[in-house]
Amino acid sequence: MERRRFRRPRLRLNVQASIHRQPVGHVLNLTDEGLCLTGRGTPPQGCQPLLLQLPLTLSGCRELTVMAEPRWHDYLPNGHWRGGFKLQSDAKTAAALTTLASRYGDN
């Protein structure tokens with residue numbers, strides 16, 4: 001898998017990620033074009049819809065859905081994995097992701 005590292009703000013919120021309503025991990029950092037997830041078990045494979053469950057209301061939403069394409073993943077010694085994903089979303093969702101990163105990300 002191709003690995004690229006762009007500067008992404010680390011989130012100060014716990015944003016849970018799920019596929020088909022099954023938890024897969026939580027967001028470490030993000031932009032409107034990509035994110036890094038961490039979780040246990042097997043990282044998501046292939047391009048899939050990813051549901052991001054927000055701990056607060058943002059732009060009138062508590063959930064955001066994006067298409068996530070895996071780019072890379074690493075397995076950590078503690079049994080967790082960490083992976084980078086390229087995102088595809090509509091303009092409203094991309095704007096919400098940008099707002100989320102700018103308000104709640106470490107810059």
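The values are calculated or read from the model by the stated rules, or taken from the named source; none is laboratory data. Computed from a predicted structure; not experimentally measured. Positions of Cβ are generated from backbone atoms using ideal geometry, with glycine treated the same way; all protein chains shown enter the neighbour counts.
For region 1-18, give me each residue that is assigned to a strand (DSSP E or B) and either modelled with pLDDT under 95 or surrounded by fewer than 14 Cβ atoms within 10 Å (Cβ to Cβ) (or both).
Passing the criteria: R10, L11.
So, in region 49-80, of the ones that are free of Cβ contacts under 8 Å to residues at least 12 places away in the same chain and closer than 20 Å to Y104 by Cα, which residue ends up surrounded by the most Cβ atoms within 10 Å (Cβ to Cβ)?
Selected residue: R62.
Which one of G83, G34, G25, G39 is surrounded by 16 or more Cβ atoms within 10 Å (Cβ to Cβ) and touching a Ser or Thr at 6+ places or on another chain (Cβ under 6 Å)?
G25
Restricting attention to region 32-53, report how many residues are over 15 Å from G84 (Cβ atoms) and in contact with a Leu (Cβ under 7 Å, 6 or more places away or on another chain).
Taking region 32-53 as the starting set, the residues that turn out to be over 15 Å from G84 (Cβ atoms) are 40-42, 49, 51-53.
Those left that are additionally in contact with a Leu (Cβ under 7 Å, 6 or more places away or on another chain): 52.
Selection size over region 32-53: 1.
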